[in-house]
Amino acid sequence: MRFSSLASELQTWLKQSIQQGCSPDVLEHSMRTSGYQGEFAQRAVAAALKEFGPPQRTHEPASAEPPAALVDAAAAQAATEAAGQESSSRILAGGPNQIDAGDRVVQILMALNAPRVVLFGDLLAPTECEALIEMSRGKLERSNVVDRQTGRYERHPDRTSEGTYFRRAENELIARIETRIAELTGCPIERGEPIQVLHYNPGTEYKPHFDYFDPADSGNRQVLSMGGQRVATLIMYLNDVQGGGSTVFPEIGLDVLPRRGNAVFFAYSDDQGRLDPRTLHGGSPVAAGEKWIATKWLRQRTYTGAARDLDQAAHS
Ligand code: PD2
Ligand code: ZN
């Protein structure tokens with residue numbers, strides 16, 4: 001892992017903590033309790049030590065908490081509670097109204113704690129939305145799902161969109177958006193699956209489903225071997241839809257309306273670290289006009305599959 005690939009807030013925290021003399025153990029522990037995966041914390045600390053040398057003194061406590069990892073916030077809360085400490089039960093520490101995602105300030109329009117759902121505004125600029133649509137138009141194919149038993153990809157009446165993919169950092173725009181998402185979520189770029197762009201014509205939809213893979217299903221063995229479980233979804237809306245096409249969460253009665261540049265983020269772990277069935281969600285039928293979205297799924301570990309390997313989600 002390169003130190004420079006870490007989110008800039010995390011880089012700053014690591015640098016300052018090392019300069020203050022924090023030991024690697026303390027740094028790793030602080031990161032884990034802030035929601036970072038153990039393996040990721042270990043590698044990030046090692047990369048920082050390579051950059052800034054061993055600490056001058058050891059066993060100093062970390063002076064402040066590392067920036068929260070949005071993706072693993074549920075794990076952070078579970079760790080806090082397991083340690084007998086009171087949890088603030090806030091997704092975004094300090095309750096900011098906006099987040100500096102590096103090259104763009106992103107608005108927070110709504111945040112729900114259980115399940116963890118955050119609605120962002122202005123994540124993408126209008127020109128970026130238009131460019132993503134234009135880049136995708138000529139190469140759309142009917143979307144598939146994976147069969148739970150066989151693992152084979154097939155068309156399914158529950159998912160009638162068409163879509164296409166972009167390899168990680170395939171071009172400057174994709175790389176820029178991926179870096180922004182990593183800054184925003186605290187989830188390193190490597191853990192992201194390639195961006196998928198989906199297009200819905202009137203009448204098409206994606207019936208309610210889970211984006212995580214049921215480990216009990218034999219057909220999911222292959223997808224789970226390519227970076228572990230999915231932990232969160234980010235759906236970016238690329239256009240305003242004339243009618244219908246909202247992203248619905250039927251278990252919690254939430255309906256997110258598509259607005260160009262906005263995005264809905266949701267993480268699947270509950271505060272015990274278990275997969276949360278309240279994250280059941282779907283894309284409701286487009287009633288008028290068309291709908292374009294770009295999705296980013298985030299994994300537990302580095303995603304090692306090809307773009308082709310992502311065209312699936314489990315059915316409810
Ligand atoms: O199009 C959507 O709003 C939508 C809803 C639920 C997309 C997905 N899931 C997905 O691509 O997983
Ligand atoms: Zn989905």
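In the context of the full set of protein chains, residues of segment 219-272 present 37 Å² of accessible surface per residue (probe radius 1.4 Å, heavy atoms only). How far is the Cα center of segment 172-233 from the Cα center of segment 1-31, in Å? Cα centroid of segment 172-233 versus Cα centroid of segment 1-31: 27 Å apart. Computed with a 1.4 Å probe over protein heavy atoms only, the accessible area of M1 comes to about 70 Å². Could you tell me whether segment 109-267 comes out rounded, prolate or oblate from its Cα gyration tensor? Rule is a ≥ b ≥ c as square roots of the eigenvalues, rounded for a/c under 1.5, then prolate if a/b exceeds b/c, otherwise oblate. Cα axes put segment 109-267 in the rounded bin. For V231, the residues whose amide H sits under 5 Å from its own are L298, R299, Q300, ignoring neighbours fewer than 5 places away on the same chain, with H placed 1.01 Å from N. Under 5 Å between amide hydrogens, built in the peptide plane, is the criterion, and for Q98 it picks out I108 among residues at least 5 positions away or on other chains. A crude spin-label estimate for the pair N113 and Q242, with each label 7 Å from Cα along the Cβ direction, gives 4.3 nm.
In sequence order, segment 165-174 has phi-based couplings of 10, 10, 4, 4, 6, 4, 8, 4, 5, 4 Hz under the Karplus curve 6.51 cos²θ - 1.76 cosθ + 1.60, θ = phi - 60°, and Gly or Pro positions carry x. Distances between placed amide hydrogens fall under 5 Å for T204 paired with V286, all partners being 5 or more residues away or on another chain.
The values are calculated or read from the model by the stated rules, or taken from the named source; none is laboratory data. Note that the coordinates shown come from a computational prediction; the quantities given were computed from them, not determined experimentally. FYI the Cβ positions are ideal-geometry reconstructions off the backbone, even for glycines, and counts take in every protein chain you see. These area figures cover heavy atoms from the full protein model, side chains too; ligands, DNA and RNA do not enter into them. Shrake-Rupley method; radii C 1.70, N 1.55, O 1.52, S 1.80 Å.
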